[in-house]
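For reference, the structure discussed in these notes is given below.
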Amino acid sequence: MSAETPAATGQFTFRRQQFRAWRGERPFWAGLFVLLSGLPIAYFPYANLQIGHLTLAMATTAGAGSLIIGVLLVVLGVSLWFQKHVRVFAGVAAILLALVSIPVSNIGGFLIGFLLALVGGAMAVAWAPGARPEGQSAAMAGTGTGTGTGTGTGTGTGEAPEATDHDTTMLRPVDGVDEPNDLSGTNPANGANGRHSAG
């Protein structure tokens, strides 16, 4: 009897596709690179290299600064995964922290953390949300599972209402396509003649 049952295979495939859909809706790889860049930047100033009986301490005078830069990069990487609307801020902040890590943290974690933060920050700034493929939205609607947009106004099928912007979750005007939304009371189009009621 096989240890792998068809139900387990189907469940694994469903979870993999679910993770793939989650990953496609956010700058996943940018967040991963920025997160990984913080580890060598924070680690190397506190590490000791053992060569035989010789111990080399790679600690710098700004060890606390290296730890702060590394922790900030890890937090920025996680925020790119779960708060995709801050991607431009997080990308620029990661690039600036990478540049600051060169003099502070052993040449940016021996250039490993520096390069990872530069690439991840650039990917975060350049990332733009794409449209969901038609087949995938139909499959998600059929299963009744979806990720929603985080605004609390989802329809239960995983798709956002038509009036929301998928990138910033701000409402767009629905009633008029290009008409300005003038609420001043002086526009004859909205039935007002410039007089305001007191109550």
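Based on this model, can you work out whether L72 counts as within 28 Å of S105 (Cβ to Cβ), under 29 Å from the mean Cα position of the chain (by Cα) and not β-branched (V, I, T)?
Here the answer is yes, as L72 does meet what is asked.
Residue by residue through the stretch 37-59, note down the ones that are at pLDDT 90 or above and either open to solvent by 70 Å² or more (accessible area, probe 1.4 Å) or touching a Lys or Arg at 6+ places or on another chain (Cβ under 7 Å) (or both).
The answer is L39, and nothing else.
Can you tell me how many residues within the stretch 68-115 are surrounded by fewer than 22 Cβ atoms within 10 Å (Cβ to Cβ) and among the small types (G, A, S)?
Matching residues across the stretch 68-115 total 2.
Given the conditions (1) open to solvent by 80 Å² or more (accessible area, probe 1.4 Å); (2) out of contact with any Ser or Thr (no Cβ under 6 Å at 6 or more places or on another chain); (3) over 13 Å from V34 (Cβ atoms), and given that G65 satisfies all but one, which numbered condition is not satisfied?
Failed condition: (1).
How do the pairs read when you match residues in the stretch 67-80 that are under 14 Å from I95 (Cα atoms) with residues anywhere that are open to solvent by 60 Å² or more (accessible area, probe 1.4 Å) and part of a helix (DSSP H, G or I), using Cβ under 7 Å and keeping only pairs 6 or more apart or on different chains?
These pairs meet every condition: I69/V100; G70/L39.
Looking at this structure, is A62 modelled with pLDDT under 95 and among the hydrophobic types (A, V, I, L, M, F, W, C)?
When the stated conditions are applied, A62 passes them.
Do you know which residues across the stretch 58-112 are among the hydroxyl-bearing types (S, T, Y) and outside any helix (DSSP H, G or I)?
Once the filter is applied, which keeps residues that are among the hydroxyl-bearing types (S, T, Y) and outside any helix (DSSP H, G or I), the stretch 58-112 yields T60, T61, S105.
Just to be sure I understand, how many residues within the stretch 20-57 are part of a helix (DSSP H, G or I) and among the aliphatic types (A, V, I, L, M)?
Adding up the residues that qualify gives 9.
The values are calculated or read from the model by the stated rules, or taken from the named source; none is laboratory data. The model shown is predicted, which means the values in this text are computed figures rather than measured ones. No Cβ is skipped: glycine too gets one built from the backbone with ideal geometry, and neighbour counts run over all protein chains shown. Ligands, DNA and RNA are stripped out before the accessible areas are found, and what is left, the full protein with its side chains, is counted by its heavy atoms. Shrake-Rupley method; radii C 1.70, N 1.55, O 1.52, S 1.80 Å.
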